[in-house]
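Have a look at the structure below, then the notes.
The values are calculated or read from the model by the stated rules, or taken from the named source; none is laboratory data. Here the structure is a predicted model, which is why all the values come from computation and not from measurement. No Cβ is skipped: glycine too gets one built from the backbone with ideal geometry, and neighbour counts run over all protein chains shown. These area figures cover heavy atoms from the full protein model, side chains too; ligands, DNA and RNA do not enter into them. Shrake-Rupley method; radii C 1.70, N 1.55, O 1.52, S 1.80 Å.
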Amino acid sequence: MSATALITGITGQDGSYLAEFLLARGYTVHGLKRRSSSFNTDRVDRIDVHPRDPDARLFLHYGDLTDTGSLVRLLRRTEPDEVYNLAAQSHVRVSFDTPGHTAEVTGLGAQRLLEAVRVAGVSSRIYQASSSEMFGAAPPPQHEGTPFHPRSPYGCAKVFAYWTAVNYREAWDMYVSNGILFNHESPRRGENFVTRKITRAVARIEAGIQDELFLGNLDAVRDWGYAPEYVAAMWLTLQPERPDDYVVATGEAHTVREFVAAAFDHVGLDWQRYVRVDPRYYRPAEVDVLIGDAGKARRQLGWQPKTLFTDLVRIMVDADRQLLDDERCGRLVRIDR
Ligand code: NAP
Ligand code: G4F
């Protein structure tokens, strides 16, 4: 019997990589997708074998983290061995504009899912996608014992979800683990996160179809890793006999300015000719420095990052150049290749 996983947020960056990772390990994968007015399954379409196909092991289901009934029904129907809660309103700047919605989905959504697992009576191991944003203003390097000091509605919602996960573990003896992941990026990163915004702009500026790039705070420091390696850490988090919480990070830190410079440099352009600062992209409260200490994940899970800053920038810029080339030639467009 192959193992079964349920992924909320399967249509996002991490969900799509995690689905591929689990399918490659023989899992049957169910994914929760929400209804949207335009197609939102681009990232998983390449692996979305039609459910009528006898070999299909990936199944998408409509549902929503704001709708408890949809969660309970799906859990009863699929009886997953592992549940990965990746769904969230995940954009920090947007969370200042939609704090209520962010709390509903990113915070209470996690609680609804945990309660749904409990009342559905399934014995799933549960992964909660916690975030380095929870550390916020706490000085680096941040690790599992660092006190949280969130700086955004998103960070606050993730802190609620984190402690709710711990509480379900302690109160109901459920297998619930938090992965506290630092920023991780890829060619599938949403276009309005800073790394992808930069690499997409670099490709367009090089091609002569964009002449400026407007950004906010260039001094922020982030610990950027490569998303496909971070979904492996998610799976590893659910394999030990006992649940626990783990920081996942590279330990290497760079400013947004350094990311910009490296991305333009990769195509032989001087970033200072194209980049402008627009205060509209500043945040009401900023997280200045995130640098993770992933020593516990290395020791206990055997997880280590392989792709570091310079390679990450190169991978993302080259993927956006290829994507643009494909679009302009009318070739079948994939968000990465
Ligand atoms: P993402 O690309 O923004 O994906 C978020 C997913 O959540 C999408 O599939 C989205 O659906 C879904 N979603 C949003 N609202 C929902 C709702 N009400 N009900 C059901 N699904 C909903 O995020 P990501 O980068 O893959 O991150 C995955 C998780 O890890 C998130 O919880 C994020 O907060 C957390 N995290 C990310 C990072 C990072 O650096 N990437 C670091 C730490 C933690 P649509 O596709 O329809 O929008
Ligand atoms: O790419 P960002 O929007 O990512 P941020 O805020 O660090 O959040 C991401 O990582 C978290 C983990 O720490 C996740 F939990 C969260 O879901 C998300 O995936 O911004 C990175 C930095 C910030 O300091 C921001 O102020 O870049 C700065 N920045 C400068 N100009 C910009 C821009 N960010 C965006 N999105 N757009 C800009 O134009």
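In the stretch 195-214, the condition of being under 26 Å from LEU238 (Cα atoms) and either over 18 Å from the mean Cα position of the chain (by Cα) or free of Cβ contacts under 8 Å to residues at least 24 places away in the same chain (or both) is met by no residue. Check SER177 against each of (1) of a type outside the set (Val, Ile, Thr); (2) surrounded by fewer than 22 Cβ atoms within 10 Å (Cβ to Cβ); (3) farther than 18 Å from ARG222 by Cβ; (4) in the same structural domain as PRO240 (by TED's automatic domain parsing) and name the one condition it does not meet. Only one criterion is unmet by SER177, namely (2). Looking only at residues of the stretch 304-331 that are more than 15 Å from ligand 1 (Cβ to nearest atom) and in a loop (DSSP other than H, G, I, E, B), we find that the one that is most open to solvent (accessible area, probe 1.4 Å) is LYS306.
For (1) open to solvent by less than 70 Å² (accessible area, probe 1.4 Å); (2) within 24 Å of GLY15 (Cβ to Cβ); (3) outside the structural domain of SER132 (by TED's automatic domain parsing), each residue gets a yes or a no:
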position: MET234; (1), (2), (3): yes, yes, no
position: LEU238; (1), (2), (3): yes, yes, no
position: VAL260; (1), (2), (3): yes, no, yes
position: LEU269; (1), (2), (3): yes, no, yes
position: ASP278; (1), (2), (3): yes, no, yes
position: LYS296; (1), (2), (3): yes, no, yes
position: GLN300; (1), (2), (3): no, no, yes
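Of all residues being open to solvent by less than 20 Å² (accessible area, probe 1.4 Å) and either outside the structural domain of HIS91 (by TED's automatic domain parsing) or not polar (S, T, N, Q) (or both) in the stretch 130-153, which is farthest from ligand 2 (Cβ to nearest atom)? Just the residue, please. Once the filter is applied, the top-ranked residue is ALA138. PHE193 fulfils the conditions (1) open to solvent by 10 Å² or more (accessible area, probe 1.4 Å); (2) in contact with a His (Cβ under 7 Å, 6 or more places away or on another chain) except for a single criterion, (2).
Looking only at the stretch 284-301, decide whether some residue is under 20 Å from ALA201 (Cβ atoms) and within 16 Å of ligand 1 (Cβ to nearest atom). No - not one qualifying residue is present in the stretch 284-301. Checking each residue in the stretch 182-195 for being more than 10 Å from ligand 1 (Cβ to nearest atom) and in a helix (DSSP H, G or I) picks out only VAL194.
Of all residues in the stretch 110-144, those satisfying the criterion of being in a helix (DSSP H, G or I), touching a residue at least 60 places away in the same chain (Cβ under 8 Å) and within 11 Å of ligand 1 (Cβ to nearest atom) are LEU113, SER132, GLU133. When the test is whether a residue is open to solvent by less than 30 Å² (accessible area, probe 1.4 Å), under 30 Å from PRO150 (Cα atoms) and within 16 Å of ligand 2 (Cβ to nearest atom), HIS101 does not pass it. Mind checking whether some residue in the stretch 82-94 is surrounded by fewer than 16 Cβ atoms within 10 Å (Cβ to Cβ) and not in a strand (DSSP E or B)? Scanning the stretch 82-94 turns up no residue that is surrounded by fewer than 16 Cβ atoms within 10 Å (Cβ to Cβ) and not in a strand (DSSP E or B). Selection within the stretch 51-78: residues that are assigned to a loop (DSSP other than H, G, I, E, B) and more than 25 Å from GLU104 (Cα to Cα). The member of this set that is nearest to ligand 2 (Cβ to nearest atom) is ARG57.
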